[in-house]
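Scroll down for the structure; my scribbles are underneath it.
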Amino acid sequence: MVDAGALALDLAANGVVGVTITWADNNGIPRSRTVPIASLPQVAKRGIGVSTLFAVFDTHDAITFAHHGLATPSGDVRLIPDLRGLTRLAGQPALAWAPGRQIAVDGSPWPYDQRGVLEAQVEAAAAEGLKVRAGYEMEFVLTQAGDLGDSGAEPRLAYHAPAYSPHALLAVDEFVADLLADLAANGVPVNQLHAEYGPAQVELSIVAADPITAADRQLLARQTIHAAARAHGLRACFAPLFTAAGVGNGWHLHTSVWRGGRNLLAGSATAVDRPGLDGAGWLGGLLRDLRALAAITAPSVPSLARLRPGYFASAYQFWGVENREAPLRYVLGSELLGADHANVELRVSDASANPYLALAAVIAAGMAGLRDGADPGEPIQVDPGAWSARDRAACGLTRLPTTPAEQEEALTGSKRLTAVLGEPLLGAFLAVRRSDAAWAADRSLDDVVAAHRWRY
Ligand code: GLU
Ligand code: MG
């Protein structure tokens with residue numbers, strides 16, 4: 001148990017004046033409340049009141065009342081900081097940060113709490129003797145702060161340099177140095193950071209952890225990046241697309257599943273390029289439910305536009321070994337890396353997903369696959385987007401949903417995944433998607449992309 005009183009005194013003595021309690025809504029947008037540091041002990045116990053309606057906020061901050069469970073302005077829940085995640089923000093030293101849980105006013109679980117949904121899946125996995133490890137990669141575009149492009153003009157990029165070039169990062173050297181220092185101080189361990197393929201696109205990959213920690217860290221990393229960017233006159237765009245025609249920002253989600261200290265995704269003895277028999281079901285389960293999964297892990301209107309062939313963003317339902325066009329990329333272990341390095345990368349994943357729900361859905365789909373021995377079939381090692389439609393059909397290759405209507409049909413068609421959300425949250429989630437789709441329906445993709453640019 002963390003002693004909230006001692007913690008608050010210690011933080012206050014070190015100049016911390018407030019704690020920002022953060023959660024992510026059904027659009028993947030972080031929402032928060034900040035409380036004075038002196039009230040932390042009380043808030044840790046009783047929470048603070050927030051509206052029930054955050055579950056039905058759409059991407060544009062409109063509240064949809066179309067979900068029957070949350071159809072009136074009346075109602076409150078309690079937002080409680082998880083003190084295990086409490087972090088003094090290196091880039092905002094007067095503030096600490098904590099991930100928030102939402103519970104009903106009477107203390108009972110609140111069915112719209114996405115973090116609770118992930119906790120339930122982690123417990124279900126533990127009940128079957130399984131542990132999941134997860135890690136996010138985050139791609140973002142860096143621009144000069146100031147002109148947000150609201151006037152119609154595109155924001156100015158932070159640098160112009162070849163992809164992956166050290167000269168690209170030199171142009172934002174102070175930002176990079178502060179960011180790495182702040183992430184380390186905030187307890188977000190980093191695998192690597194680099195100038196990515198797209199114009200002024202940067203990627204940060206975070207070391208794998210247990211699922212709750214991985215999702216918490218994804219939110220904390222965003223806060224850390226935004227703060228470091230602001231300190232250097234920059235701005236970070238996390239949206240699935242920065243421009244309608246350009247390269248997207250994928251937030252690839254890596255998972256591995258373990259039993260008794262053994263990574264079930266480690267290569268089989270007979271074929272090193274696929275998981276062993278007892279782990280293949282994880283991959284098979286993700287593949288089987290991929291269309292429904294994508295509705296949760298890449299749920300926004302720009303998400304759908306990002307999923308195009310030829311952009312390493314994935315467009316068809318298949319898996320591949322180290323294939324960057326595949327929505328499911330099996331990452332190999334090796335003698336050098338160790339067999340335990342093996343994992344599955346879900347590339348149909350972006351910032352508009354709630355990270356807790358995304359991971360909950362992945363775990364449920366993977367566990368069901370293990371249980372059923374779901375067969376992933378043969379990998380595809382090329383880009384099937386370059387094939388003829390007839391050749392794809394001959395291989396039984398399905399396009400991932402491209403419209404909100406197809407996306408909803410895919411999600412509601414999977415009992416396995418709708419059960420993860422539960423009826424109330426599913427209703428709110430779908431209401432929000434419909435609200436976003438209606439907003440986008442009579443706008444150009446350029447306008448839709450611009451409106452999502454700074455939401456995450
Ligand atoms: N930017 C690509 C995407 O939309 C991914 C590029 C890569 O890291 O392979 O997911
Ligand atoms: Mg990348």
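The values are calculated or read from the model by the stated rules, or taken from the named source; none is laboratory data. Values in this document were obtained by computation on a predicted structure and should not be read as measured data. Positions of Cβ are generated from backbone atoms using ideal geometry, with glycine treated the same way; all protein chains shown enter the neighbour counts. Just the protein is used for accessible areas: all its heavy atoms, side chains included, with ligands, DNA and RNA removed. Shrake-Rupley method; radii C 1.70, N 1.55, O 1.52, S 1.80 Å.
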Report the residue count in the stretch 36-53 for those that are open to solvent by 10 Å² or more (accessible area, probe 1.4 Å) and either in a strand (DSSP E or B) or among the acidic types (D, E) (or both). 4
Being hydrophobic (A, V, I, L, M, F, W, C), surrounded by fewer than 19 Cβ atoms within 10 Å (Cβ to Cβ) and at pLDDT 95 or above, is that true of even one residue in the stretch 145-152? no
Could you tell me which numbered condition A295 fails, if it satisfies all but one of (1) among the small types (G, A, S); (2) within 15 Å of ligand 2 (Cβ to nearest atom); (3) not in a loop (DSSP other than H, G, I, E, B)? (2)
Residue under question is R291, and the condition is that it be away from ligand 1 (no atom under 16 Å from the Cβ), surrounded by fewer than 24 Cβ atoms within 10 Å (Cβ to Cβ) and either over 30 Å from L179 (Cβ atoms) or among the acidic types (D, E) (or both); does it hold? yes
Cβ pairs under 6 Å, 6+ apart, first in the stretch 336-357 and farther than 15 Å from I206 by Cβ and assigned to a strand (DSSP E or B), second away from ligand 2 (no atom under 16 Å from the Cβ) and of a type in the set (A, V, I, L, M): V344/L283
Pick from the stretch 225-281 the residues that are among the aromatic types (F, W, Y) and within 16 Å of ligand 1 (Cβ to nearest atom): which of them is nearest to the chain's Cα centre (by Cα)? W251
Options L220, L183, L179, L170: the member that is away from ligand 1 (no atom under 16 Å from the Cβ), open to solvent by 40 Å² or more (accessible area, probe 1.4 Å) and hydrophobic (A, V, I, L, M, F, W, C): L170
When you check G107 against the structure, is it surrounded by 14 or more Cβ atoms within 10 Å (Cβ to Cβ) and of a type in the set (G, A, S), yes or no? no
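Can you confirm whether the stretch 269-288 contains a residue that is polar (S, T, N, Q) and within 30 Å of D447 (Cβ to Cβ)?
Of the residues in the stretch 269-288, the ones polar (S, T, N, Q) are 270.
If we keep only those that are within 30 Å of D447 (Cβ to Cβ) too, we end up with none.
No.
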So if I check each of A227, A244, which one is open to solvent by 10 Å² or more (accessible area, probe 1.4 Å), away from ligand 2 (no atom under 16 Å from the Cβ) and not in a helix (DSSP H, G or I)? A244
Considering only residues of the stretch 113-142 that are open to solvent by 10 Å² or more (accessible area, probe 1.4 Å) and over 17 Å from the mean Cα position of the chain (by Cα), which is nearest to ligand 2 (Cβ to nearest atom)? K131
Name the single residue, out of those in the stretch 309-324 being within 16 Å of ligand 2 (Cβ to nearest atom) and under 19 Å from the mean Cα position of the chain (by Cα), that is nearest to G250 (Cα to Cα). A313
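Suppose the filter is buried (at least 20 other Cβ atoms within 10 Å of the Cβ) and under 22 Å from S435 (Cα atoms); does A62 pass it?
No; evaluated as a whole, the condition is false for this residue.
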Can you tell me which of (1) within 26 Å of A24 (Cβ to Cβ); (2) in a helix (DSSP H, G or I); (3) open to solvent by less than 10 Å² (accessible area, probe 1.4 Å) is the one A313 doesn't meet? (2)
Qualifying residues in the stretch 191-207 (those that are within 16 Å of ligand 1 (Cβ to nearest atom) and open to solvent by 20 Å² or more (accessible area, probe 1.4 Å)) - the one nearest to F242 (Cα to Cα): P199
Subset of the stretch 298-308 that is under 18 Å from the mean Cα position of the chain (by Cα) and open to solvent by 10 Å² or more (accessible area, probe 1.4 Å) - its residue that is nearest to ligand 2 (Cβ to nearest atom): A305
